[in-house]
Amino acid sequence: MLIERGLPAAEALALVRRRRSPAALRNDAFTGYLAAGLDVAALLMELDPLG
């Protein structure tokens, strides 16, 4: 939601970690999707590695 409202991914992650826990959002794949941008993440989710 923070990114959708215009906050850069790095700032959004830092804010969540400050407010919740330094251990929050530590999944590298997920944070990579956020950094890439939600539109790019949506395209990547549609790729079929077996197809």
In Å², rounded to a whole number, the accessible area per residue of the chain with probe 1.4 Å is 82
Once Leu15 and Asp28 are pulled to full extension, the length gained, defined as 0.36 nm per residue separation minus their Cα-Cα distance, is 3.0 nm
Taking protein heavy atoms only, a 1.4 Å probe, and rounding to whole percent, the accessible area of the chain owed to carbon and sulfur comes out at 59
A student asked for the Cα radius of gyration and Dmax of the chain in angstrom ought to give 12.6, 41
Sparse-neighbourhood loop hits (trypsin sites (Lys or Arg not before Pro), the chain; DSSP loop; Cβ within 10 Å at most 11 others) -> Arg5, Arg20, Arg26
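The values are calculated or read from the model by the stated rules, or taken from the named source; none is laboratory data. Predicted, not measured: the structure shown is a model, and the values here were computed from it. FYI the Cβ positions are ideal-geometry reconstructions off the backbone, even for glycines, and counts take in every protein chain you see. Each accessible area value is taken on the protein alone, full model and side chains, heavy atoms only, with ligands, DNA and RNA left out. Shrake-Rupley method; radii C 1.70, N 1.55, O 1.52, S 1.80 Å.
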